[in-house]
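One structure is given here, and the rest of the page talks about it.
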Amino acid sequence: MKFIEKSFPVQYLNPVAMAEGNAKKPVYQMHKWWARRLGSVFRMITLTAFSNEEESDNDIWYKFCNGADLNGAIVLDPFMGGGTTIVEALRLGCKVIGIDINPVAWFTTKKEIEAVDLRDLDNAFRNLEKTAGNYIKQYYRTRCPKGHEAEVMYFFWVKLAKCKSCGAKVRLFPNYELSRRNHVNVVLCPKCLQVIETKGYNPKTKCHNCGEIFDPRKGVSGRGVFRCPECNTEQRILEAIDENGGRLEVELYALEGYCPICGRFFKQVDSEDIALWEKARGEYNDCKDTLLIPRQRIPTKGRSDPRPVNHGYTHFWHMFNERQLLCLSRLLEEILKIPDVNIRELMLIAFSDCLDANNMFCKYEIQWHKISLFFGLHAYHPIERPTENNIWGTEYGRGTFIKCFEKVRRAKAYCKKPYERLLKSSNRRFSKLTGNECIEGNIVQRFDELKRINRAALLRCDTAEDLSFIPDKSVDAVITDPPYFDNIQYSELADFFYVWLRLGLKNLYPWFNPEFSSRPNEIVQNEKMGKTIEFFSKGLLKVFTECHRVLKDEGLLIFTFHHNKLWAWESIGKILLDSGFYISATPVVRSEGKSGFHSSKGNIRYDCVLVCRKRPSGWENNNWSSLKEHILEDVILWTRKTLQSGMLLTEVDIFTMIMGKTIEYYTKVFPNVKHLNEPITLAEALNEMKSFANHITESSRTEQPHLPKSYARKVEQLTLFIKESREKYEARR
């Protein structure tokens, strides 16, 4: 038995995991990847998977904080995504095999683990600043209100729609606020677009320029509908887009700038700002056919999210304005001139990452005074008031190329000397403990090289349904985070970055040759593409069956899982059984969800860590009534552990624990699970335990339902846990 099958020190880990969920390690900030799991959690999973059961929680925690060496154990991740398993296993001295079918995931992980000389990286950046940097800066110049030369941080735009009744052009402002800071609000006159400062919120703000009286928090658009201020006609925005024959026009109305003398400021755009825009647009039109920009149409066949196409954005370049396209093209051209491939690719990662904040789908966060990232949500979400970022960057600002390069540099410095950000419970401060580990791998192409080269990493951009390049029983552990059915459409999202990265990588790597990142055998549930639950399950079954073949007989398959639907738990249980595994343990740990009770109400904030071994399990007790007692006792144990670690719990979190524990004990006994000497199916077992979870929900809201005494006591206990969790949250507030 391995330590992870006996215990999992969540009393130490959960606070660290929650902190990392709010501020990820530098290596994981290099580039966007969706549903990226926490490095601290996967570090602990890897450590405990190779630790003996005789060790204590304190022993494990010491190794977690001060470093460990797993002596070249081979770890496979068949769904490496953003590379969490690969990074954490390399750091612990493992040799790694990482596979992902998506080229953006493959490229991101590759650049996370490749070593670089930071001096060479800095020199390359300085050279870029002299060429692309100076070129871009000319298009983000302005004058502050006192007349000083200044830099533009953000240009503010608004979409225009034609009223179907009176023909008026309507500016689709959801509100007229620009900033809330230190009891000073900056707002915009809806009539003349004058920028006005007020002491706090004034529902009857008067424009000092034109005399208009207005409420800054009441605009004309919202929830996909707008109202014409001239005739009060209401109309759907999509209807106006259809009548316009494509995406709506935009109007430049204001900016936020930075002056070295005066600091940050807001102002209405003036004639010089408009002239600068016209200059950029003119240059774009002169050379648009030769610019290094993606030309692909946005795929519509089988699309899960109809946006942005139904908003009139038919091509990827439509998601950027002319100044952005001009400057991004120049930046990319200069990056591709860098002779050193490794340095060039690291600059490409920074370039690709900066696209997230340099497009016309970003808005300005008026309370936080910075731009929001496009993929803050896992969706293409068009907005009515887009914000144009300064692509190169200024003293302040978010998502600029400067900031993205700095993230890459911090990541590579962190890889040379990684640390854990640990919470000191006595005073709620953070400290950083450092061992002698590093996160730098030697990329190899074949399994035999993996065996003989130190710190070797074999990364493949391919499906994991065929692992024929790995010999039988040669992998010590499989540690992964598989796709969760239809939760995230990875390729649909990744295409936004892929079409730009492809411009610089298609001649180096064949998997960047196709027009898009989607592959026919991508394991995901998408009914619109004909990828049903059955398709997903068959693909995952093939992967796990291959994992069973390459895994040593005593090795573990470990993956994190949560889902709020019973059918998903049933499917994952069946897949494991059909691929030859049973679940030996299901520790529960804090996931990457947001902190706070109300912010996560209805959202699952905990992962079940499914620890699997090759069947049979040797478990002899096959009585369903007895198994239920084991399930419920384990749920109470892990609920108590979670609360003792200082975490908050809701009914949906306990549902996750119940489902995980149910498939654990069911797979241990399968195929001999019986109730009153009659076989019971996994679906029946899960349904019964779901009813128990429903009782907890009902009991926490109303009077306790009538139940058998043994059940009633457990419902009461878990209900009290939830109540205690709520009370602790309120006390913290």
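The values are calculated or read from the model by the stated rules, or taken from the named source; none is laboratory data. Everything numeric in this text was worked out from a predicted model, so none of it was measured. Glycine gets a Cβ as well: all are built from the backbone with ideal geometry, and neighbour counts include every protein chain shown. The accessibility values were calculated without ligands, DNA or RNA, using every heavy atom of the protein model including side chains. Shrake-Rupley method; radii C 1.70, N 1.55, O 1.52, S 1.80 Å.
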> For the stretch 82-125, how many residues are in contact with a strand residue (DSSP E or B) (Cβ under 9 Å, 6 or more places away or on another chain), open to solvent by 10 Å² or more (accessible area, probe 1.4 Å) and part of a loop (DSSP other than H, G, I, E, B)?
Replying inline: 3
>> Looking at the stretch 37-62 only, could you name the residues that are within 26 Å of residue 451 (Cα to Cα) and surrounded by fewer than 19 Cβ atoms within 10 Å (Cβ to Cβ)?
In response: 52
> Going through the stretch 289-310 one residue at a time, which ones are touching a helix residue (DSSP H, G or I) at 6+ places or on another chain (Cβ under 6 Å) and open to solvent by less than 30 Å² (accessible area, probe 1.4 Å)?
Replying inline: 291, 293, 294, 296, 298, 302
> In the stretch 202-214, is there at least one residue being at pLDDT 95 or above and under 35 Å from the mean Cα position of the chain (by Cα)?
Replying inline: no
> Just for the stretch 126-156: of the residues that are out of contact with any Ser or Thr (no Cβ under 8 Å at 6 or more places or on another chain), touching a residue at least 60 places away in the same chain (Cβ under 8 Å) and in a loop (DSSP other than H, G, I, E, B), which one is surrounded by the fewest Cβ atoms within 10 Å (Cβ to Cβ)?
Replying inline: 146
>> Against the definition (open to solvent by 50 Å² or more (accessible area, probe 1.4 Å) and in contact with a Leu (Cβ under 7 Å, 6 or more places away or on another chain)), how does residue 180 come out, yes or no?
In response: no
>> Name the residue that is farthest from residue 197 (Cα to Cα), counting only residues in the stretch 171-185 that are in contact (Cβ under 8 Å) with a residue 60 or more places away in the chain and assigned to a strand (DSSP E or B).
In response: 171
> For the stretch 360-382, how many residues meet the condition of being open to solvent by 20 Å² or more (accessible area, probe 1.4 Å) and among the β-branched types (Val, Ile, Thr)?
Replying inline: 1
> In the stretch 652-665, how many are open to solvent by 10 Å² or more (accessible area, probe 1.4 Å) and under 24 Å from the mean Cα position of the chain (by Cα)?
Replying inline: 2
> Does at least one position in the stretch 689-712 carry a residue that is at pLDDT 85 or above, open to solvent by less than 10 Å² (accessible area, probe 1.4 Å), under 29 Å from residue 592 (Cβ atoms) and not aliphatic (A, V, I, L, M)?
Replying inline: yes
>> Looking at 243, 197 in this structure, which one is open to solvent by 70 Å² or more (accessible area, probe 1.4 Å) and either modelled with pLDDT under 95 or in a strand (DSSP E or B) (or both)?
In response: 197
> Just wondering, is there one or more residues in the stretch 14-21 that are among the aliphatic types (A, V, I, L, M), more than 18 Å from residue 591 (Cα to Cα) and touching a residue at least 40 places away in the same chain (Cβ under 8 Å)?
Replying inline: no
> Between residues in the stretch 484-501 that are within 23 Å of residue 291 (Cβ to Cβ) and β-branched (Val, Ile, Thr) and residues that are open to solvent by less than 10 Å² (accessible area, probe 1.4 Å) and assigned to a helix (DSSP H, G or I), which pairs lie under 7 Å by C-beta distance while being six or more apart or on different chains?
Replying inline: 499/316
> If we scan the stretch 377-387, do we find a residue that is basic (Lys, Arg), over 18 Å from residue 156 (Cβ atoms) and more than 16 Å from the chain's Cα centre (by Cα)?
Replying inline: no
> Looking only at the stretch 395-414, which residues are modelled with pLDDT of 95 or more and not basic (Lys, Arg)?
Replying inline: 399, 400, 401, 402, 404, 405, 406, 408, 411, 413, 414
> Which condition breaks for residue 139 when tested against (1) in contact with a Gly (Cβ under 7 Å, 6 or more places away or on another chain); (2) among the hydroxyl-bearing types (Ser, Thr, Tyr); (3) more than 30 Å from residue 34 (Cα to Cα)?
Replying inline: (1)
>> Quick check on the stretch 262-286: of everything there that is in contact (Cβ under 8 Å) with a residue 24 or more places away in the chain and closer than 15 Å to residue 329 by Cα, which residue is surrounded by the fewest Cβ atoms within 10 Å (Cβ to Cβ)?
In response: 285
> Is there any pair linking a residue in the stretch 55-72 that is on the phi > 0 side of the Ramachandran plot and in a loop (DSSP other than H, G, I, E, B) to one that is surrounded by fewer than 14 Cβ atoms within 10 Å (Cβ to Cβ) and hydroxyl-bearing (Ser, Thr, Tyr), with Cβ under 8 Å and at least six apart or on different chains, and which?
Replying inline: 67/434
> Can you tell me which residues in the stretch 372-403 are more than 16 Å from residue 133 (Cα to Cα) and of a type in the set (A, V, I, L, M, F, W, C)?
Replying inline: 373, 374, 375, 377, 379, 383
> Out of curiosity, is residue 532 crowded, with 22+ Cβ neighbours inside 10 Å, more than 26 Å from residue 382 (Cα to Cα) and either touching a Lys or Arg at 6+ places or on another chain (Cβ under 8 Å) or hydroxyl-bearing (Ser, Thr, Tyr) (or both)?
Replying inline: no
